[in-house]
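Structure record follows, encoded as structure tokens.
Nothing in this text is a laboratory measurement; each read-out follows from the coordinates by a stated rule. Computed from a predicted model, the values in this text were never measured in an experiment. For neighbour counting, all protein chains shown are included, and Cβ atoms are generated from backbone atoms with ideal geometry for every residue, glycine included.
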Amino acid sequence: MAELFDKRGGFRRLHSFTLATIVQVETLRFCRRFLTHDSREADRKFYDPKGRQYDQMTQAARSGRQNIIEGSERSATSKDTEVKLTDVARASLSELRGDYEIFILDQQELPWSAHSSEAKAVNTISLDDAAFTDDMVHESAKHALEQRKKYARWLDSNDAVMVANALLLIIGRALNMLKNQIEAQGKAFEETGGFSERLMTKRLEAREKSKAPSPECPQCGKPMRERQSAKGAFWGCSAFPECKGTRPGEAPH
């Protein structure tokens with residue numbers, strides 16, 4: 001019998017969450033380092049006179065990470081909500097990727113080709129599985145920083161275009177992971193249903209258990225069903241009208 005509630009949480013062990021954490025932290029750092037409000041410092045930077053680009057990029061990065069968290073936490077009672085929030089996370093990171101692309105183009109350069117040595121080096125990096133014990137917040141933050149070190153060669157560069165290109169690739173990898181998560185969540189929903197469906201199943205099971213077993217028909221031996229007539233409740237054969245066997249009395253509840 002299926003459990004009523006799915007397991008919730010577990011997002012801290014997801015590689016997508018680790019990458020989303022790196023992306024949010026590094027986007028905050030990128031914006032502080034390379035976006036400027038001062039046109040006198042606009043050389044090789046992105047001129048953002050009203051700070052809107054800064055806000056949009058940092059908010060998109062935040063939304064990517066936070067919706068992974070919220071979707072995972074809501075999974076216990078709503079697979080539909082989990083899928084939707086995971087998709088919001090993916091959409092937010094896609095928006096952020098577009099901002100990094102525009103930043104690179106604004107510098108009169110192109111995003112790295114997937115066949116370039118730099119892109120291949122970033123894409124071949126493998127993440128370690130998270131090994132947590134009983135201190136999840138501390139250990140997951142430590143894990144993210146440890147994985148970030150693998151990208152430090154690019155993320156710590158003073159070349160804004162290099163940093164932007166590295167983040168483009170990291171975001172792209174996170175997007176692929178989230179796509180796979182959404183597909184897995186949809187498959188799980190097909191197999192086990194949602195919370196509402198399981199709740200109804202539980203109710204029907206409880207209702208059936210509360211019913212007394214049906215007596216056997218005195219004529220054919222088949223189980224009987226409670227029926228109503230003008231004179232009150234009685235037992236009637238489940239094979240009616242082939243069998244017209246009855247028993248008097250109201251079915252016990």
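Charging the Cβ of each Asp and Glu at -1 and of each Lys and Arg at +1, and nothing else, the dipole of region 212-253 about its Cα centre rounds to 100 debye. With θ taken as phi - 60° and the Karplus curve 6.51 cos²θ - 1.76 cosθ + 1.60 applied, the whole-hertz 3J(HN,Hα) list for region 57-63 is 5, 5, 6, 5, 5, 5, 4 Hz, x standing for glycine and proline. Each of MET162, MET136 has some number of other Cβ atoms within 10 Å of its Cβ, and from fewest to most they run MET136, MET162.
Each label was represented as a point 7 Å from its Cα along the Cα-to-Cβ direction; for LYS187 and ARG13 these points are 1.7 nm apart. THR18 sits among other residues whose Cβ lies under 15 Å from its own Cβ, and their net charge, with Lys and Arg +1 and Asp and Glu -1, is +3. Model label points for ASP134 and ALA121, set 7 angstrom from Cα along the Cα-to-Cβ axis, are 4.3 nm apart. Remark: spin-label model distance THR81-LEU110 equals 4.6 nm, labels positioned 7 Å along the Cα→Cβ axis.
Temperature 10 °C, viscosity 1.306 mPa s: under these conditions the Stokes-Einstein estimate for region 212-253, based on its Kirkwood radius over C-alpha pairs, is 157 µm² per second.
Taking amide hydrogens as placed 1.01 Å from N in the peptide plane, the amide H of THR36 sits under 5 Å from those of PHE46, ASP48, each at least 5 positions away in sequence or on another chain. Along region 135-144 the Karplus relation, 6.51 cos²θ - 1.76 cosθ + 1.60 evaluated at θ = phi - 60°, assigns HN-Hα couplings of 10, 4, 5, 4, 6, 6, 5, 4, 4, 4 Hz to successive residues, with x for each Gly and Pro.
Working note: Karplus 6.51/-1.76/1.60 with θ = phi - 60° gives region 64-70 the couplings x, 6, 5, 6, 5, 4, 5 Hz, where Gly and Pro are set to x.
With the cut-off at 30 Å, tell me which of the pairs LYS120/LYS142; LYS50/LYS179; LYS84/LYS120; LYS79/LYS222 have Cα atoms farther apart than that. Provide the component values of the computation, followed by the final result.
On the way: LYS120/LYS142 26 Å; LYS50/LYS179 34 Å; LYS84/LYS120 32 Å; LYS79/LYS222 42 Å.
Among LYS120/LYS142; LYS50/LYS179; LYS84/LYS120; LYS79/LYS222, the Cα-Cα distance tops 30 Å for LYS50/LYS179; LYS84/LYS120; LYS79/LYS222.
Rounded to the nearest 20 debye, what is the charge dipole size of region 11-199 about its Cα centre when +1 sits on each Lys and Arg Cβ and -1 on each Asp and Glu Cβ? Don't skip to the end; give the middle numbers.
On the way: 27 positive and 29 negative charges, 44 e Å.
With Lys and Arg at +1 and Asp and Glu at -1, about 200 debye.
When region 11-199 is described by a simple charge dipole with +1 on each Lys and Arg Cβ and -1 on each Asp and Glu Cβ, the residue from PHE34, LEU169, MET57 located farthest towards its positive end is PHE34.
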